[in-house]
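The values are calculated or read from the model by the stated rules, or taken from the named source; none is laboratory data. Everything numeric in this text was worked out from a predicted model, so none of it was measured. Glycine gets a Cβ as well: all are built from the backbone with ideal geometry, and neighbour counts include every protein chain shown. With ligands, DNA and RNA removed, areas are computed over all heavy atoms of the protein, side chains included. Shrake-Rupley method; radii C 1.70, N 1.55, O 1.52, S 1.80 Å.
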Amino acid sequence: MEKNYTIDIAGVKRDLPLCKVNDNLYIAAFIMFGDVEITTNSAKALLEKAPAFDVLITAESKGIPLLYEMARQSGNNYYIVARKGPKLYMKDIITTEVDSITTDHIQTLCIGSEEAQAMNGKRVLIVDDVISTGESLAALETLINKVGGNIVGRMAVLAEGDAISRKDITYLAPLPLFDGKGNAIE
């Protein structure tokens with residue numbers, strides 16, 4: 001099946017290819033990498049809706065360029081990426097696990113003492129490209145809570161599937177899931 005889903009994100013239209021998860025479920029692939037227009041427009045639109053914050057964080061994912069651009073546009077000179085594995089430069093590593101819909105295995109997210117100290121007692125804004133099952137979001141919340149950060153918001157460019165009805169997240173556009181024939185699931 002070669003189908004696309006057309007979406008308007010922050011005033012920019014894109015055709016997203018439908019990708020098979022299983023015989024009865026397809027998702028529309030939203031890839032920010034390489035799309036400067038979507039990244040800059042989305043960052044601007046999210047910042048207009050964002051609560052006051054001290055620190056931005058995302059998981060090591062397609063949300064990194066968005067996080068960078070939000071930090072740049074807001075004048076913040078620092079942001080945190082929870083890495084998918086420990087790095088040699090990390091000290092006193094704090095970890096949690098995540099089972100994301102777009103990855104075929106359980107992943108570990110980790111931060112070091114520098115990131116932990118940067119979030120301790122600070123207003124932390126969680127940012128992602130897409131919130132779907134909420135697993136990545138929950139993993140980030142676990143890390144932030146472990147180090148004493150104060151979560152002030154959860155934002156994404158798109159909310160997918162059940163996340164569309166969540167009241168605790170802010171997003172720019174809804175993204176439906178699709179059945180085996182490529183029809184949007186209501």
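Look through the range 43-77, keep the residues that are part of a loop (DSSP other than H, G, I, E, B) and charged (D, E, K, R), and return whichever of them is surrounded by the fewest Cβ atoms within 10 Å (Cβ to Cβ).
First, pick out the residues of the range 43-77 that are part of a loop (DSSP other than H, G, I, E, B): 50-54, 60-63, 75-77.
Retained after the next criterion (residues that are charged (D, E, K, R)): 54, 60, 62.
Numbers: Asp54: 16, Glu60: 14, Lys62: 18.
In this case the residue turns out to be Glu60.
Quick one: in the range 88-115, of everything that is open to solvent by less than 70 Å² (accessible area, probe 1.4 Å) and in contact with a Gly (Cβ under 8 Å, 6 or more places away or on another chain), which residue is modelled with the highest pLDDT?
The selected residue is Cys110.
Going by the conditions given, is Ala173 of a type in the set (Gly, Ala, Ser) and closer than 30 Å to Gly11 by Cβ?
Working: of a type in the set (Gly, Ala, Ser): yes; closer than 30 Å to Gly11 by Cβ: yes.
Judged against the criteria, Ala173 is a match.
Being assigned to a strand (DSSP E or B), aromatic (Phe, Trp, Tyr) and either open to solvent by 50 Å² or more (accessible area, probe 1.4 Å) or under 15 Å from Tyr171 (Cβ atoms) (or both) is the filter here, so list the residues in the range 2-42 that pass it.
To start, the set of residues in the range 2-42 that are assigned to a strand (DSSP E or B) comprises 4-9, 12-22, 25-28.
Those still in the list that are aromatic (Phe, Trp, Tyr) too: 5, 26.
Once the filter is applied, which keeps residues that are assigned to a strand (DSSP E or B), aromatic (Phe, Trp, Tyr) and either open to solvent by 50 Å² or more (accessible area, probe 1.4 Å) or under 15 Å from Tyr171 (Cβ atoms) (or both), the range 2-42 yields only Tyr5.
Can you pull out every residue in the range 17-37 that is over 17 Å from the mean Cα position of the chain (by Cα) and within 16 Å of Ala184 (Cβ to Cβ)?
Pro17, Leu18, Cys19, Lys20, Val21, Asn24, Leu25, Tyr26
Which numbered condition trips up Glu141, out of (1) farther than 23 Å from Lys13 by Cα; (2) more than 14 Å from the chain's Cα centre (by Cα)?
(2)
Could you list, in sequence order, the residues of the range 118-147 that are open to solvent by less than 10 Å² (accessible area, probe 1.4 Å), over 17 Å from Ile169 (Cα atoms) and out of contact with any helix residue (DSSP H, G or I) (no Cβ under 7 Å at 6 or more places or on another chain)?
Matches in the range 118-147: Leu143 only.
Which residues, counting only those in the range 157-171, are over 14 Å from Ala28 (Cβ atoms) and open to solvent by less than 40 Å² (accessible area, probe 1.4 Å)? It would help to see each step written out before you state the result.
Residues of the range 157-171 that are over 14 Å from Ala28 (Cβ atoms), as a first pass: 162, 165-171.
Within the range 157-171, just Ile169 meets the criteria.
With the condition being at pLDDT below 95 and on the phi < 0 side of the Ramachandran plot, I'd like the strands (runs of 3 or more DSSP E) fully within the range 118-186 carrying at least 2 qualifying residues. Break it down into steps so the answer makes sense when it comes.
Details: elements: 123-131, 150-160, 170-175.
Fully inside the range 118-186 and qualifying: 123-131.
Check whether at least one residue in the range 32-55 is under 18 Å from Leu143 (Cβ atoms) and of a type outside the set (D, E, K, R), and report yes or no. I'd like the intermediate steps shown before the answer.
The first filter runs over the range 32-55 and keeps only residues under 18 Å from Leu143 (Cβ atoms), leaving 53-55.
Still in the list and also of a type outside the set (D, E, K, R): 53, 55.
Yes - at least one qualifying residue is present in the range 32-55.
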